[in-house]
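The values are calculated or read from the model by the stated rules, or taken from the named source; none is laboratory data. On a predicted model such as this, the values are computed, not experimentally measured, just so you know. All Cβ positions, even for glycine, are placed from backbone atoms using ideal geometry, and neighbour counts span all protein chains on display.
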Amino acid sequence: MKKLLLLVIIITGLQMISISQPYLTSTTFIKTYTKVQVDSILDFNGLPSFFLNNKFTVDIYKMNYRCKDAFDTLVGASGLLIIPRDSCDLPILSYSHGTISRKSDAPSRFRGSETLIGTVMASNGYICTMPDYLGLGDGPGLHPYQHAKTEAYANIYMLKALKEYCTTNAIPLNGQLFLSGYSQGGHASMVTHRMIEKDFSSEFTVTASAPMSGAYDMSGVMVDVMLSDSVYAAPAYLPYLVLSWNPIYNLYANISDAFKVPYDTTLPPLFDGTRSLGYIEARMPNVPKLIFDSTELYRFTIDLTHPFRLALKDNDAYTNWTPSAPLRMYYCTADRQVNYMNALVAQDSLKAQGCTTCDAYLVNALLDHQECAQFALINAKSFMDSLKYDGCRSTSINNLSKNSNVISIYPNPTSESVSIDYALLSSYEVNIQDITGRVVYSNTAYENNNKINTNYLESGMYSVSIKSKNQLIRNKLLVIRK
């Protein structure tokens with residue numbers, strides 16, 4: 001009888017675990033970084049740690065979880081989870097990574113520069129999730145590249161698993177959720193924002209999203225890029241789309257109906273999850289459309305109802321939706337991989353659909369895709385920080401006590417001018433530096449509340465330092481050109 005009772009208790013317990021944690025399958029500890037170590041990594045990589053204001057030691061984990069695929073079947077997925085060591089209620093940042101083709105380059109393997117982004121954000125007081133996406137990391141099969149539904153699922157189901165983890169480990173959350181990502185991650189963060197507000201609003205509330213340099217207009221801007229006769233900086237994007245979408249949309253009975261010889265036989269094996277994009281691109285023309293059969297390319301060009309066109313439209317990131325939470329896109333006009341018009345088209349469409357808090361912001365007019373990333377990230381971080389509630393301490397620049405020995409900067413962000421108030425002194429030295437350390441403004445006798453003209457500064461993050469007789473204090477200023 002006792003054995004039977006014990007068996008019933010065990011089975012009941014297992015059922016309770018299954019019910020209470022239907023998505024989280026495992027977490028594996030990777031490493032810990034102290035705040036000092038995070039600063040050192042940034043310094044080693046030539047990044048300005050004083051802009052980022054790291055505070056916390058962070059613990060880094062690989063998370064395995066169950067996630068719906070394109071056909072709404074639960075499959076295995078993985079991602080990176082980074083948690084600051086802090087007892088306060090914390091916000092969540094779901095960060096989506098850029099394009100990769102090797103499974104081993106996924107965030108859960110803790111490789112690549114984007115894992116540093118999650119580490120820094122966690123050290124700044126965010127619980128950071130970084131999904132690998134389906135088909136990458138531990139995910140089976142081919143990654144459905146730039147596929148809106150599964151990108152959103154990868155983020156949302158990792159958030160579900162995170163909630164289970166936090167409940168089990170008594171980690172307090174403050175209810176805020178931020179979404180961001182760069183390149184493919186820009187597209188992924190926007191479609192995640194859309195899916196949460198349309199389909200998961202009873203579980204999650206988006207505080208704000210900051211997509212960066214994303215291909216939001218798949219059926220318009222990106223089609224024009226791919227049909228161009230010009231050399232394209234990342235030609236492997238096109239076969240990645242066709243090969244990974246074909247099982248979802250049934251575009252072609254045989255890939256030879258789309259790709260011409262020899263690409264119909266040479267390209268498909270290269271997308272097995274073991275080759276880098278650079279390796280693939282070395283084996284194809286640098287004008288992407290030249291891999292297509294000429295007849296099929298002509299059909300696609302003239303037929304606006306072509307199945308591939310309809311699939312592209314299905315993956316536009318901004319359609320059929322009016323965001324409730326603020327959405328701010330960041331872009332560089334010299335970007336040769338993801339044309340900046342993606343952001344402007346998305347902005348115009350979202351505003352036409354009634355969004356009053358949707359904007360696209362120019363980061364820099366001269367930077368290409370890779371170079372734009374660092375500056376876009378710093379700007380996006382400042383935007384999210386301005387909305388973030390920190391249960392441990394105030395982080396708002398504009399809501400500081402007049403009795404505190406800190407700088408009050410307003411308005412921040414700014415476009416035309418800014419005032420600086422330091423409560424304990426009436427006059428002091430003010431210097432403003434850009435991200436490279438160059439002094440762009442200096443006044444050795446600045447008076448409280450005087451306006452500083454900023455309309456000559458480029459969009460970006462700046463460091464404001466205030467020097468009195470006995471103190472030197474820094475804070476950040478975000479300039480956004482309208």
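Residues in the range 354-383 that are hydroxyl-bearing (Ser, Thr, Tyr) and farther than 13 Å from Leu478 by Cα: Thr356, Thr357. Taken as a whole, the structure leaves Lys198 outside the set of residues that are basic (Lys, Arg), closer than 29 Å to Leu116 by Cβ, under 22 Å from the mean Cα position of the chain (by Cα) and in a helix (DSSP H, G or I). When you check Tyr252 against the structure, is it among the aromatic types (Phe, Trp, Tyr), within 17 Å of Ser294 (Cβ to Cβ) and in contact with a helix residue (DSSP H, G or I) (Cβ under 8 Å, 6 or more places away or on another chain), yes or no? Here the answer is yes, as Tyr252 does meet what is asked. Give the residues of the range 63-96 that are among the aliphatic types (A, V, I, L, M), surrounded by 21 or more Cβ atoms within 10 Å (Cβ to Cβ), under 19 Å from Gly135 (Cβ atoms) and over 15 Å from the mean Cα position of the chain (by Cα), sorted by residue number. Hits for the range 63-96 are Met63, Ala77. Inspection of the range 137-148 finds a residue satisfying the criterion of being closer than 18 Å to Ile82 by Cβ and in contact (Cβ under 8 Å) with a residue 60 or more places away in the chain.
Residue-wise test of (1) surrounded by fewer than 24 Cβ atoms within 10 Å (Cβ to Cβ); (2) out of contact with any Ser or Thr (no Cβ under 7 Å at 6 or more places or on another chain); (3) not in a helix (DSSP H, G or I); (4) not assigned by TED's automatic domain parsing to the domain that holds Tyr95.
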residue: Gly137; (1), (2), (3), (4): no, no, yes, no
residue: Tyr145; (1), (2), (3), (4): no, no, yes, no
residue: Ala152; (1), (2), (3), (4): no, no, no, no
residue: Lys160; (1), (2), (3), (4): yes, yes, no, no
residue: Lys163; (1), (2), (3), (4): yes, yes, no, no
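Among the residues of the range 76-108, those that are assigned to a loop (DSSP other than H, G, I, E, B), closer than 18 Å to Thr32 by Cα and in contact (Cβ under 8 Å) with a residue 60 or more places away in the chain comprise Asp86, Ser87.
Where strands (runs of 3 or more DSSP E) fall entirely within the range 357-437, those with at least 1 residues that are at pLDDT 90 or above and either in contact with a Phe, Trp or Tyr (Cβ under 7 Å, 6 or more places away or on another chain) or more than 22 Å from Ile92 (Cα to Cα) (or both) are at 358-364. Of the helices (runs of 4 or more DSSP H) that lie entirely inside the range 232-330, those containing 1 or more residues that are acidic (Asp, Glu) span 263-266, 277-281, 294-302, 307-314.
If the condition is being over 21 Å from Tyr240 (Cβ atoms), of a type in the set (A, V, I, L, M, F, W, C) and crowded, with 20+ Cβ neighbours inside 10 Å, then the range 97-117 contributes only Ile117.
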